[in-house]
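A.B. asks: Take this structure first; my questions come after.
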Amino acid sequence: MTSNYKLSFDSLRFQLADIDAWLLVADTRGVNVWCAAGKGTFSTEEIIYSVQQSRLQQLVNHRTLILPQLGATGVAAYKLTKGCGFKAKFGPIRSNDLPRFLRNKQRTDETMRSVTFNLRERAVLIPVEIYLLMKPMAIATLAVLLLSGIGPSIFSATAAWSRGAYFIGASLIGVGCGAFLVPLILPWLPGRQFWIKGLLPGLAGSLICWGLFVSTGEVTPLEGLSLLLWITAFSSYLAMNFTGSTPFTSPSGVEHEMRRGMVFQATAVAVSLLLWLASPFIG
C-alpha cells in the first residue's frame, strides 16, 4: 500500500517490477505517506475506503496489507482489521528493501527500520524542488519584468529588460542557495528550524550578488539592498520546503516553524519589492 505522491508511487512500482503483487494506492491528494499520515489523509479510514472501493477481498486469497512504516502514525491496526477484514503489517522504510523483506517472510531487520538522510538521499530531492519551481518562477519572472519597467516615465521596456535581468539573476542565486546548497550541507547548518537554516546560504548568496552587481556599479545600493532581502527570503522559503521531507521534524514542528518563518519571508519580500519599485524615483 502507498500514497498517490508521484515520487513514492514511481519508486515503489520500480522496486516491485519483478514481483507478482497488487499495489493499492490511497488518495492522499498527492502528498507523501509520512506527511499524509500526519495530516490524516493516509489514515485508517482512507485505507478501509480504498480496500472496499477496489474490492480487494475478491482479488486476493489472503487478508494482509503491507503498509509503509512511515505511515504508522496515521493507522490504527485493530480498527483497520475490524473495518475491512485485512490485517496490517508494516514493511520497511525504504522501497528498495521491499524485495528483501518479502523474501525474508515479511520480517524487518534493524536496517529496514532505521531512518537515514545521507547526502545521496538529500540530493535526490533537488530535481523535485526544481521541477515544482518551474511554473511559479515563470509567473514571478513575468511579474518582475513588469515591475522593473515602472519608473519616472511611467513604464520603460528597456528598463524592464535591463533591471529585470538583475532581479532574475538574483532569483537564480536564491534557487542555488535554497534548493541546491541547503540540502547538500543540511547537517552542518545551525538552527533547528529550516527557515533559519536557509538564511545563512541566502546571506552568502546575497554577498555574491552584491559583489557582482553593486560593487561593479551595475545596480544602485538601494537596488542591491532589495536584491539582498529577496535572495535571503527566497533561500529561506525554499529551505523550509524540505521540512516535511526529512526525519528532522514532526508535523507539529512543521506548523510551528511555518508560522514564524513565513512572517519573516513575507515581510522581507514586501520590503524588497518596495525598494525595487522606489529605486528608479530615488536614484
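A.B. asks: Check whether at least one residue in the stretch 51-64 is part of a loop (DSSP other than H, G, I, E, B), outside the structural domain of Glu129 (by TED's automatic domain parsing) and within 27 Å of Pro127 (Cα to Cα), and report yes or no.
C.D. replies: Here is the first cut: in the stretch 51-64, the ones part of a loop (DSSP other than H, G, I, E, B) are 55, 59-63.
Still in the list and also outside the structural domain of Glu129 (by TED's automatic domain parsing): 55, 59-63.
Retained after the next criterion (residues that are within 27 Å of Pro127 (Cα to Cα)): none.
So far as the stretch 51-64 goes, no, none of its residues is part of a loop (DSSP other than H, G, I, E, B), outside the structural domain of Glu129 (by TED's automatic domain parsing) and within 27 Å of Pro127 (Cα to Cα).
A.B. asks: Identify the residue in the stretch 1-37 that is out of contact with any Asp or Glu (no Cβ under 9 Å at 6 or more places or on another chain) and small (Gly, Ala, Ser) and, among all such residues, is surrounded by the fewest Cβ atoms within 10 Å (Cβ to Cβ).
C.D. replies: Selected residue: Ala17.
A.B. asks: Could you go through the stretch 196-217 and let me know if any residue there is under 16 Å from the mean Cα position of the chain (by Cα) and either at pLDDT 95 or above or closer than 21 Å to Ala270 by Cβ (or both).
C.D. replies: Yes, the stretch 196-217 has at least one match.
A.B. asks: Being part of a helix (DSSP H, G or I), more than 20 Å from Asp18 (Cα to Cα), at pLDDT 90 or above and basic (Lys, Arg) is the requirement here; does Lys79 meet it?
C.D. replies: Judged against the criteria, Lys79 is a match.
A.B. asks: Filter the stretch 146-157 down to the residues that are over 22 Å from Ile208 (Cβ atoms) and in a helix (DSSP H, G or I) and list them by number.
C.D. replies: Matches in the stretch 146-157: Leu146, Leu147, Ala157.
A.B. asks: Does any residue of the stretch 11-20 turn out to be farther than 20 Å from Val124 by Cβ, touching a strand residue (DSSP E or B) at 6+ places or on another chain (Cβ under 8 Å) and outside the structural domain of Pro127 (by TED's automatic domain parsing)?
C.D. replies: no
A.B. asks: Give me a count of the residues in the stretch 181-204 that are closer than 11 Å to Ser236 by Cβ and in a helix (DSSP H, G or I).
C.D. replies: Qualifying residue count, the stretch 181-204: 10.
A.B. asks: A further question on this structure: From the set of residues in the stretch 133-170 that are within 18 Å of the chain's Cα centre (by Cα) and free of Cβ contacts under 8 Å to residues at least 24 places away in the same chain, which is nearest to Ser95 (Cα to Cα)?
C.D. replies: Among those residues, the one meeting the criterion is Met134.
A.B. asks: Please pick out the residue among Ala170, Ala160, Ala143 that is surrounded by fewer than 18 Cβ atoms within 10 Å (Cβ to Cβ), modelled with pLDDT of 90 or more, part of a helix (DSSP H, G or I) and not aromatic (Phe, Trp, Tyr).
C.D. replies: Matching residue, one of Ala170, Ala160, Ala143: Ala143.
A.B. asks: Would you please name the residue that is modelled with the highest pLDDT, looking only at residues in the stretch 1-33 that are outside any loop (DSSP other than H, G, I, E, B), of a type in the set (D, E, K, R) and within 19 Å of the chain's Cα centre (by Cα)?
C.D. replies: Here is the first cut: in the stretch 1-33, the residues outside any loop (DSSP other than H, G, I, E, B) are 2-3, 6-15, 25-26, 33.
Adding the requirement that they be of a type in the set (D, E, K, R) leaves 6, 10, 13.
Right, trim to within 19 Å of the chain's Cα centre (by Cα) and you get 6, 10.
Working: Lys6: 84, Asp10: 89.
If we take residues in the stretch 1-33 being outside any loop (DSSP other than H, G, I, E, B), of a type in the set (D, E, K, R) and within 19 Å of the chain's Cα centre (by Cα), then Asp10 is modelled with the highest pLDDT.
A.B. asks: Quick check on Gly211: is it at negative phi and either touching a residue at least 24 places away in the same chain (Cβ under 8 Å) or not in a helix (DSSP H, G or I) (or both)?
C.D. replies: no
A.B. asks: Kindly indicate whether Leu133 is of a type outside the set (Ser, Thr, Tyr) and in the same structural domain as Phe242 (by TED's automatic domain parsing).
C.D. replies: Yes, satisfied.
A.B. asks: Quick one: count up the residues across the stretch 26-46 that are in contact with a strand residue (DSSP E or B) (Cβ under 6 Å, 6 or more places away or on another chain) and among the hydrophobic types (A, V, I, L, M, F, W, C).
C.D. replies: Here the count works out to 4.
A.B. asks: Scan (1) touching a residue at least 40 places away in the same chain (Cβ under 8 Å); (2) hydrophobic (A, V, I, L, M, F, W, C); (3) surrounded by fewer than 17 Cβ atoms within 10 Å (Cβ to Cβ) for the single condition Val60 breaks and write down its number.
C.D. replies: (1) is the only condition that Val60 fails.
A.B. asks: Restricting attention to the stretch 93-125, which residues are assigned to a loop (DSSP other than H, G, I, E, B) and either under 24 Å from Pro183 (Cα atoms) or not assigned by TED's automatic domain parsing to the domain that holds Gln53 (or both)?
C.D. replies: The answer is Ile93, Arg94, Ser114, Val115, Thr116, Phe117, Asn118, Val124.
A.B. asks: Please enumerate the residues belonging to the stretch 182-209 that are over 28 Å from Ser148 (Cα atoms) and crowded, with 16+ Cβ neighbours inside 10 Å.
C.D. replies: Of the residues in the stretch 182-209, the ones over 28 Å from Ser148 (Cα atoms) are 182-194, 196-197.
Val182, Pro183, Leu186, Leu189, Gln193, Phe194, Ile196, Lys197 - these are the residues of the stretch 182-209 that are over 28 Å from Ser148 (Cα atoms) and crowded, with 16+ Cβ neighbours inside 10 Å.
The values are calculated or read from the model by the stated rules, or taken from the named source; none is laboratory data. Note that the coordinates shown come from a computational prediction; the quantities given were computed from them, not determined experimentally. We place every Cβ from the backbone using ideal geometry, glycine too, and count neighbours over all the protein chains shown.
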